[in-house]
Amino acid sequence: MIHLALTAVLMVFAALVILGGVRDLVSYRIPNWISLALVAGFGVAAVIGLAAGAPLSALGLDLAVGAAALVAGVGMFALGWIGGGDAKLFAAAALWIGWPAAGAYLAVTGLAGGALAVMLLSLRSPLARPFTLAGPAWFARLAEPGENVPYGVAIAIGALAAFPASALVQAAAAP
């Protein structure tokens, strides 16, 4: 029963990360409540994870990874590389990812961000621009030359790719 409860909470992580990426894609905003819900959900998942057999040291490393990601996210925001919502989503997701999967999270997020930038450059080219104006307003905004990159999409992809290796998922999968 405890593994079922942990699995349900883990699905909330996936839903919130996807929602953050989609909201960033269509509005260039990631609402604070998404990051706050991720942080609160981690607390619930950590308690259930401990009951399911996750080691306390692994959850401590999750907290350390989340704190390091928050510092890195604030730094990237201060440099103007990402938005504030991106920084908060990055840190909140890192909290769930933890140490076992932090490298994969960073690598996949970086690769997805690069692929997203290339796609947006193509979309914003003079050849594609006339076709994008016929779409919905959020899509036309994506195609606007000089517009920002909705990096929450890359963060969501990186988080979902790395999540199976996290300590919480491993605890849920344990017999």
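The values are calculated or read from the model by the stated rules, or taken from the named source; none is laboratory data. Since the model is a prediction, treat every value here as computed from it, not as a measurement. A quick note on method: Cβ atoms are made from the backbone with ideal geometry, for glycine too, and the neighbour counts reach across all protein chains shown.
Inspection of the range 9-17 identifies no residue that is within 25 Å of residue 143 (Cα to Cα), part of a helix (DSSP H, G or I), without any contact (Cβ under 8 Å) to a residue 12 or more places away in the chain and not aromatic (Phe, Trp, Tyr).
Figure legend. Inter-residue proximity from the range 22-50: first residues farther than 24 Å from residue 150 by Cβ, second residues in a loop (DSSP other than H, G, I, E, B), beta-carbon distance below 8 Å, spacing 6+ or different chains. Indicated pairs: 46/54. Evaluating residue 141 against the criteria (1) free of Cβ contacts under 8 Å to residues at least 60 places away in the same chain; (2) surrounded by fewer than 19 Cβ atoms within 10 Å (Cβ to Cβ); (3) part of a helix (DSSP H, G or I) leaves one unmet condition, (1). Scanning the range 129-138 for residues that are free of Cβ contacts under 8 Å to residues at least 40 places away in the same chain and either of a type in the set (A, V, I, L, M, F, W, C) or not in a helix (DSSP H, G or I) (or both) yields 131, 133, 134, 135, 136, 137. Take the conditions (1) in contact with a helix residue (DSSP H, G or I) (Cβ under 8 Å, 6 or more places away or on another chain); (2) in a helix (DSSP H, G or I); (3) not β-branched (Val, Ile, Thr); residue 121 misses just one of them, which is (1).
Here the condition is being within 25 Å of residue 39 (Cβ to Cβ), touching a Gly at 6+ places or on another chain (Cβ under 7 Å), at pLDDT 85 or above and in a helix (DSSP H, G or I); of 85, 110, it holds for 85 alone.
This table checks each residue for (1) within 17 Å of residue 105 (Cβ to Cβ); (2) touching a Gly at 6+ places or on another chain (Cβ under 6 Å); (3) surrounded by fewer than 17 Cβ atoms within 10 Å (Cβ to Cβ).
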| position | (1), (2), (3) |
| --- | --- |
| 23 | no, no, no |
| 38 | yes, no, no |
| 51 | no, no, yes |
| 55 | no, no, yes |
| 62 | yes, yes, no |
| 77 | no, yes, no |
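Can you work out which of the residues in the range 157-175 that are part of a loop (DSSP other than H, G, I, E, B) and not hydrophobic (A, V, I, L, M, F, W, C) is farthest from residue 15 (Cα to Cα)? Selected residue: 175. Considered as a group, the residues in the range 79-89 that are crowded, with 16+ Cβ neighbours inside 10 Å and not β-branched (Val, Ile, Thr) include one that is farthest from residue 5 (Cα to Cα), and that residue is 83.
The C-beta contact set for the range 99-128 (first residue farther than 30 Å from residue 167 by Cβ, second residue of a type in the set (Val, Ile, Thr) and surrounded by fewer than 17 Cβ atoms within 10 Å (Cβ to Cβ), distance under 8 angstrom, 6+ apart or interchain) is empty.
The residue list 67, 92 contains one member that is aliphatic (A, V, I, L, M), under 16 Å from the mean Cα position of the chain (by Cα) and surrounded by 14 or more Cβ atoms within 10 Å (Cβ to Cβ), which is 92.
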